[in-house]
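Novice: Okay, here's the structure, questions in a sec.
The values are calculated or read from the model by the stated rules, or taken from the named source; none is laboratory data. Here the structure is a predicted model, which is why all the values come from computation and not from measurement. No Cβ is skipped: glycine too gets one built from the backbone with ideal geometry, and neighbour counts run over all protein chains shown. In case anyone asks, the SASA skips ligands and DNA or RNA and just uses the protein heavy atoms, side chains included. Shrake-Rupley method; radii C 1.70, N 1.55, O 1.52, S 1.80 Å.
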Amino acid sequence: MTKPDGVDDDKRATLRRFAALGAASPLVGRSDSAAADTGESDARDAIAGYLSTTPGAHFSKIRDDLRLGTGETQHHLRRLEELDAIERYRDGDYKRFVTAGRFDEFEKRALGYLRRETPRGMLIELLLNSNTTAGDLADALDVSPPTVSKYAGELEETGLLSRDDGYAVEQPETVLVLVVGHADSFGDRARTLARDADQFLEYQG
C-alpha cells in the first residue's frame, strides 16, 4: 500500500529496519533539519545505519537492499558525504561507501575484497586454517584452480595476501576483526567464523 507521501509500506518497513540497525551509530540523526521537514530523514538515516552494518557496500547494493530509486540513492549519499558522515572510495569498477573516519586504507581494501564472494571465501578459509593450499581453496569454494590463482594474484597485489611460502593472509587480526564485526553481512561462513572467533583467537595466540 502506498502512503500519501509516496512511500509504500514495505519500503518504509525496510528503511526503518536498517535505520534501527544503525541506531547506535553516530551517523543516525545527523540528517539536516530540511531533510526532516521533507520526510527525507528516514531514507538518509537508513543509509547511515546500513553502512554501519555493511561497510564497503557499493552503490547498487545500497540502492537495491534499501529499495531506493537510483536518483534517490545518489541524492542521499551525496548529502551524507557533504555532512562528513560517510566517505566513498574507488575499488576497481566499484564506488564503495563506509562510515567516515572509521577505516584506514588497508581496511577499505580488505572490505572491498570481502564484498566479493570468491576472495571472501579464500580469506575466510585461510583465517580458519593457515595451512590451506590453493587446491584446498578450489575444492572448498567449488571454483577452478585458475580462479583461485587469479584472485590470489589480486589479493597479493593489494597487500592482503602473501604467497612467499604458501598462502597467508596479511594482517590476519585486522581482517578477522572485519569479518567477525560484520559477519551478518558476509554470509554463513563468516557467521561460523564469528561464532568460533574466541576459540580461534585463543588458538592463534
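Novice: Go through (1) of a type outside the set (Ser, Thr, Tyr); (2) open to solvent by less than 10 Å² (accessible area, probe 1.4 Å); (3) touching a Lys or Arg at 6+ places or on another chain (Cβ under 8 Å) one by one and return the number of the condition Arg67 breaks.
Specialist: The one condition Arg67 does not meet is (2).
Novice: Sticking with this structure for a sec: Looking only at region 71-88, decide whether some residue is open to solvent by 60 Å² or more (accessible area, probe 1.4 Å), under 30 Å from Glu154 (Cα atoms), modelled with pLDDT of 95 or more and part of a strand (DSSP E or B).
Specialist: yes
Novice: Kindly evaluate Leu160 against the criterion of being at pLDDT below 95 and of a type in the set (A, V, I, L, M).
Specialist: Judged against the criteria, Leu160 is not a match.
Novice: Still on this model: Looking at the structure I just gave you, is Gly92 at pLDDT below 95, surrounded by 15 or more Cβ atoms within 10 Å (Cβ to Cβ), under 18 Å from the mean Cα position of the chain (by Cα) and not assigned by the TED database to the domain that holds Val180? Walk me through it before giving the result.
Specialist: Numbers: at pLDDT below 95: yes; surrounded by 15 or more Cβ atoms within 10 Å (Cβ to Cβ): no; under 18 Å from the mean Cα position of the chain (by Cα): yes; not assigned by the TED database to the domain that holds Val180: yes.
When the stated conditions are applied, Gly92 does not pass them.
Novice: If you don't mind, another one. Being assigned to a strand (DSSP E or B) and open to solvent by less than 40 Å² (accessible area, probe 1.4 Å) is the filter here, so list the residues in region 156-185 that pass it. Give the derivation first.
Specialist: Kept after step one, since they are assigned to a strand (DSSP E or B), are these residues of region 156-185: 161-162, 164, 166, 168-169.
Those that are assigned to a strand (DSSP E or B) and open to solvent by less than 40 Å² (accessible area, probe 1.4 Å): Leu161, Ser162, Val169.
Novice: In the set Thr118, Thr132, which member is in a loop (DSSP other than H, G, I, E, B) and surrounded by 15 or more Cβ atoms within 10 Å (Cβ to Cβ)?
Specialist: From the options Thr118, Thr132, the qualifying one is Thr132.
Novice: Only one residue in Ile47, Ile62 is at pLDDT 95 or above, open to solvent by less than 30 Å² (accessible area, probe 1.4 Å), in a helix (DSSP H, G or I) and farther than 20 Å from Val180 by Cα, so which one is that? Quick ask: steps written out before the conclusion?
Specialist: On the way: Ile47 fails: at pLDDT 95 or above.
The unique qualifying residue is Ile62.
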